[in-house]
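I have placed the structure first, in the form of structure tokens, so that the comments after it can refer back to it.
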Amino acid sequence: MVTVTFSPGPHLERFLASLALATERPVSVLLADNGSTDGTPQEALDRYPNVRFFDTGANLGYGTAINRAVRHLSQSGGVDDWVIVANPDVQWGPGSIDALLDAANRWPRAGALGPLIRDPDGSVYPSARHLPSLIRGGMHAVVGPFWKRNPWTAAYRQERIEPSERPVGWLSGSCLLVRRSAFEQVGGFDERYYMYMEDVDLGDRLGRAGWLSVYVPTAEVLHNKGHSTGRDPASYLAAHHKSTYMFLADRFSGWWLAPLRWTLRASLAVRSRLMVRNSRKRSLAEGRR
């Protein structure tokens, strides 16, 4: 298992403690640390003998840190073909890892498998989605923040589909079981993405290489996804829009599609400014209270 830490606070303790319920198998955890200053990764080493520390050297972003950690596993003699990639603010449900591994046996072409993810309020997060097409993904991006129940967002996020074990376009990178041979075949995460969209890109490239991304709702985890974005939501929103444009520009890269890319860039820039401004207004209002 690999997780990226950046001053994770009490989340890391819940992450590691809940592992005892998640599987009957032995688990080795590698903390790929992006420059923590709160001391919690080092403290975890004293309490959990199955945890190792890997200093990435800087705040490299999520995908790059994962890639370096997986390479470190290979160089240190790791031979397992399955690696769990997860955020440190995940809390494991009973039997969740065993359920993912059992599903992997049922899907020999699975390159990645992901659990059902619940938000802290107990609601199901739409972590298994279609790949964003120009219309479906574009309309979700443009109108989603202002019309929550629009049909394009619902279709893209597969919100109205009952949870079932099935192949999907992509899975949330907050918790993934990846086949190392498939992950290495496609080059891991694209390191141009500092954060956001690296999981969408990975699902797309796995699919192009003939691998499946499989949703396994019998495995459940809890994800406190506000842990990282809560520190500076405005900058994270801007990063999300930058990554979204990168993903779309890669998929519509022909010279004759330049007008489309200009339109996408302009539309996303406007959306980013509006959402960042609203986020800062909310932060100011909360500060006054």
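Each peptide in 210-221, 195-206 gets a packing score, the mean of other Cβ atoms within 10 Å over its residues, and the list from highest to lowest is 195-206, 210-221.
Given R₀ = 45 Å, what would the calculated FRET efficiency be for Arg109 paired with Glu13, taking r from the Cβ atoms and rounding to 0.05? So, using R0 = 45 Å, E works out to roughly 0.80.
Taking a label point 7 Å from the Cα of Asp55 along the Cα→Cβ vector, which residues of region 24-41 have an amide N closer than 17 Å to it? Only 31-41 pass the distance filter.
Direction-averaged projected area, Cα convex hull, region 75-134: 6.8 nm², rounded to one decimal.
If each residue's Cβ is checked for other Cβ atoms within 10 Å, how do Val29, Val124 rank with the fewest at the top?
Lowest count first: Val124, Val29.
Between the beta carbons of Arg71 and Glu162, assuming R0 = 35 Å, the FRET efficiency works out to 0.35 to the nearest 0.05.
Give me the net charge for the shell around Tyr193: Cβ to Cβ below 11 angstrom, other residues only, Lys and Arg +1, Asp and Glu -1. Around Tyr193, the surrounding residues sum to -4. Once you have a ≥ b ≥ c as the square roots of the Cα gyration tensor eigenvalues for region 18-92, tell me rounded if a/c is under 1.5, and otherwise prolate or oblate according to whether a/b is larger than b/c. The shape class here is oblate. If each Cα of region 1-50 is one equal point scatterer, what is log10 of I(q)/I(0) from the Debye formula at q = 0.17, 0.23, 0.31 Å⁻¹? Log10 of I(q)/I(0), two decimals: -0.47, -0.85, -1.41. Grab every C-alpha pair in region 1-140, bin the distances at 10 angstrom width from 0 up to the longest one, and report whole percents. Each 10 Å bin holds this share of Cα pairs: 10, 36, 37, 14, 2, 0. The label point for Leu257 and the one for Asp38, both projected 7 Å from the Cα toward the Cβ, are 4.0 nm apart.
Distance from the C-alpha centroid of region 184-207 to that of region 245-263: 18 Å, rounded to the whole angstrom.
All of the numbers you see were taken from the coordinates with simple rules; none came from a lab. The model shown is predicted, which means the values in this text are computed figures rather than measured ones. With ideal geometry, Cβ positions are generated from the backbone for all residues, glycine too; neighbour counts draw on all protein chains shown.
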